[in-house]
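Notes follow the structure.
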Amino acid sequence: MSEKARILIVEDEVAIRTGLIDVLTYHGFATAFAQEGPEGLRMALSGDYDLVLLDVMLPGMDGFAICQRIRQQLPDQPVIMLTAKTDDEDIVQGLSLGADDYVAKPFSVTQLVLRVRAVLRRTRPAEPADPCIRLRDGLVLDTLNLSGVRDDETIQFTRREMAVLRYLHAHRERPVPREELLSKVWGYANELAIETRTVDIHIAKLRRKIEPDPKSPRLLLTVRGAGYRLVAD
Ligand code: CA
C-alpha cells in the first residue's frame, strides 16, 4: 500500500492545527482538517481517513462526544485524542470512549509522529501479497481478477461486489453493520437515513453467486441486528 495515509485533524487552534499539518505533511502523510466540532464529526464519519486526530475542546461539539459518535458508526476508525493538558481524567475519558491513544498538549513533534505511526501500524496493515481469499466450501476468490472458483465453476464479480467481499473478509471476526459497509465500501458520508437497502440488494446478488443455496447462506451470514459476516475457510 504505497498510498499515503490520510489523517483528519480536528483542531480549532490555528497555531496547533497549522503545526500539525506541516509536521504530518513533512512526514509523508496526507492531511485534511476541520476547525469545529460538527464539521469534524461530519468529515470523520465519511470514513475517508486512516486516522482522526481529535482535539477535546472544540466549538460546537467536544472531542469526547465526537469520539463516541465515531465509535458508534465506524467501530474500526482509528482516533487519537489531543488532550489539553496532562489531565488524567481527560485521558481516561477519551480512552474509555474508544480513542486508540492520546497525545497530551503541549506535545513533542517526535512523540506525536511516533504515536501516529504506531496507531496506523496496528490499524492499517499492509495489503497481503496474496490476492486470494479462501472461503468456506472451497470457494477461492481472486480479488485482482474479480473472479472466484469453486470446483470447476468460475464466478465473475463486479468491482463493487468484490470490494464488499474484501471488506467483509478483512473484518471477518465480527459482523459488519450495513451503515459501515455504506460508509467504507460505497463512501457515503451520510450519517443515517441512507439507503441501507443498497447493501441488502448487493448482498442478495452476492448470495446468488456464491451460495450453493442462497436461501440458507453458509458463507455470507446475516447476524440479526448486527450486520453481515463472511465465513472464511
Ligand atoms: Ca481546542
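What follows draws every value from the coordinates through simple rules; no lab data is involved. Bear in mind the structure is a predicted one, so any value in this text is a computation, not a measurement. No Cβ is skipped: glycine too gets one built from the backbone with ideal geometry, and neighbour counts run over all protein chains shown.
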Relative to the longest principal axis of the C-alpha atoms of the chain, give the angle of the C-alpha long axis of helix 109-123, reported between 0 and 90° and rounded to the nearest 10°. 20
Sorted by Cβ density within 10 Å, fewest first, the residues 205, 4: 4, 205
Counting other Cβ atoms within 10 Å of each Cβ, which GluC sites (Glu not before Pro) in the stretch 1-108 have at most 12 and sit in a DSSP loop? 3
Please arrange 224, 174 by how many other C-beta atoms lie within 10 Å of their C-beta, fewest to most. 224, 174
In degrees rounded to 10, the 0-90 angle between helix 159-170 Cα long axis and the longest Cα principal axis of the chain is 70
Out of 114, 54, 147, whose Cα points farthest toward the positive end of the dipole of the chain (charges: +1 Lys, Arg; -1 Asp, Glu; placed on Cβ)? 147
Lysines with Cα under 23 Å of residue 184, excluding same-chain neighbours fewer than 8 positions away: 4, 205, 209
With no solvent term and unit scatterers on the alpha-carbon positions of the chain, Debye gives log₁₀ I(q)/I(0) at q = 0.09 Å⁻¹ of -0.44
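Quantify how much of the Cα-Cα distance distribution of the stretch 132-230 extends past 24 Å, in percent. Mind dumping the intermediate values first?
Numbers: 783 of 4851 pairs.
I get 16 percent for the Cα pairs in the stretch 132-230 exceeding 24 Å.
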